[in-house]
Amino acid sequence: MNSEQAKTKFFGNIYRIIYQDKHTSRQNIAKKSGISLPTIASNLNRLTDAGLIHTVGSFQSTGGRKPNIISYVPDARFALGIDITKNHLSEVLIDLDLNIIGSKRMYLPFEDSEAYFQILSFEMQQLLNQYLIDPSKLLGVGLSMPVHVMRDQKTISYATVVNVSANIYERLTPYIPYPFLIFNDANSAGLAESWISGSEQPMIYLSLSNSVGGANMNGKEIYKGVNCRATEFGHMCIVPHGRKCYCGQHGCLDAYCSAKQLSDFTNGNLAEFFHCLKENSNVGLQRIFDDYLNHLALAVNNLRMCYDCDIVLGGNVGSYMADYIELFREKALRLNPFEKNGDFIRICHYRTEASAVGAAAYYVNEFIQNL
Ligand SMILES: [Zn+2]
């Protein structure tokens, strides 16, 4: 390795330690990395000159000079996430901390057409013009969709929730003049949830939106399976010979626990369903929700038995679960032969836009890892 390469390696390694620790000192960096203090000092100068780190105060002195608190600059780079669903288009701009800097969500039924791509492009440019002062700080655009995507993150291998052509990546290219890739929506949401939890522990993310999906996270790693079809939790059979699922089979979790199983009773409005539920005025809706939770408990218990890790309830229904989590934990624990504490069942952090944030987070991760 020549000295230029060594410098590059230290530059990235030191930045990654600062990113991981959020607040640190040059002494801590030396302890963690084994890099000499003079080399750390010169790389800290380079990272500061590049606008990637800054000093945010000083630690209490343990004798001698107070050590500086070194932190990374969250708005040194940005990434854009776009979530395409059957009926909505969402866009978020995030910083290196995965904070949402700007966002937009609109009713826009998906069409695999030039007209739709033009609107997507226009809205994207508007958001960037509004919130991104320096366009050179944009790392890339992550596009999340309810589809199976091959490992190239460009080729669609399966789509039923939205109708997309297999070559949608090529067709979108003229409309997105930045690096961009396509991601499965539930996998993206899982990445966002796992990242923001700050834990490197494995986690199952269960997405309860108009279709049911999920992600199997191990820190920032998504387990995708041999055919990129892993974690299709929506098509686990929970009722043999049960309700017909859109996939053609019967008794799938999706047919019992998609958001539609609730919102269909309030004219497609999920917020209205939970509003009525909270008002306690409609016994019928309470029974429907109870039935929903019973089926969901079966699925969550199965996932706990398989994976033995935290299960995060996400998607549109997950974002309304705060008032019902204790009730739900009790239901799930009744099926669990081993445990008495239901804290492993958690509610999602991102009430909305987890998929868009996760798709954008891919570029944040890529930036940090490749520095
Ligand atoms: Zn199914």
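Tabulated data
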item	result
Test: residue in segment 227-234 that is closer than 27 Å to Arg151 by Cβ and within 9 Å of the ligand (Cβ to nearest atom)	yes
Filtered residues of segment 210-239 (kept if at pLDDT below 90, among the polar types (S, T, N, Q) and surrounded by 15 or more Cβ atoms within 10 Å (Cβ to Cβ))	Asn210, Ser211
Residue check for Ser199: away from the ligand (no atom under 16 Å from the Cβ), within 26 Å of the chain's Cα centre (by Cα) and part of a helix (DSSP H, G or I)	no
Gly314 small (Gly, Ala, Ser) and either within 16 Å of the ligand (Cβ to nearest atom) or farther than 20 Å from Ala186 by Cα (or both)	no
Of all residues in segment 37-89 being among the charged types (D, E, K, R) and under 30 Å from Leu108 (Cβ atoms), the one that is surrounded by the fewest Cβ atoms within 10 Å (Cβ to Cβ)	Lys86
Out of Phe180, Phe117, Phe122, sole residue that is of a type in the set (Phe, Trp, Tyr) and touching a Pro at 6+ places or on another chain (Cβ under 9 Å)	Phe117
Residue that is in the same structural domain as Ser263 (by TED's automatic domain parsing), of a type in the set (A, V, I, L, M) and within 13 Å of the chain's Cα centre (by Cα), where the choices are Leu143, Leu206	Leu206
Strands (runs of 3 or more DSSP E) wholly inside segment 70-172 that include at least 2 residues being touching a strand residue (DSSP E or B) at 6+ places or on another chain (Cβ under 9 Å) and more than 15 Å from Ala356 (Cα to Cα)	156-158
Ser194 vs. criteria under 14 Å from the mean Cα position of the chain (by Cα) and under 21 Å from Ala322 (Cβ atoms)	yes
Segment 174-211, residues that are among the acidic types (Asp, Glu) and free of Cβ contacts under 8 Å to residues at least 24 places away in the same chain	Glu200
Those residues of segment 120-144 which are under 23 Å from Thr85 (Cα atoms) and surrounded by fewer than 16 Cβ atoms within 10 Å (Cβ to Cβ), in sequence order	Ser121, Phe122, Gln125, Gln126
Tally, over segment 240-288, of residues that are within 16 Å of the ligand (Cβ to nearest atom) and exposed (fewer than 12 other Cβ atoms within 10 Å of the Cβ)	4
Members of segment 224-271 found to be outside any helix (DSSP H, G or I) and β-branched (Val, Ile, Thr), listed by number	Val226, Thr231, Ile238, Val239
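The values are calculated or read from the model by the stated rules, or taken from the named source; none is laboratory data. Only a predicted model underlies this, so the values are computations on that prediction, with no experimental measurement involved. Cβ: placed from backbone, ideal geometry, glycine included. Neighbour counts: every protein chain shown.
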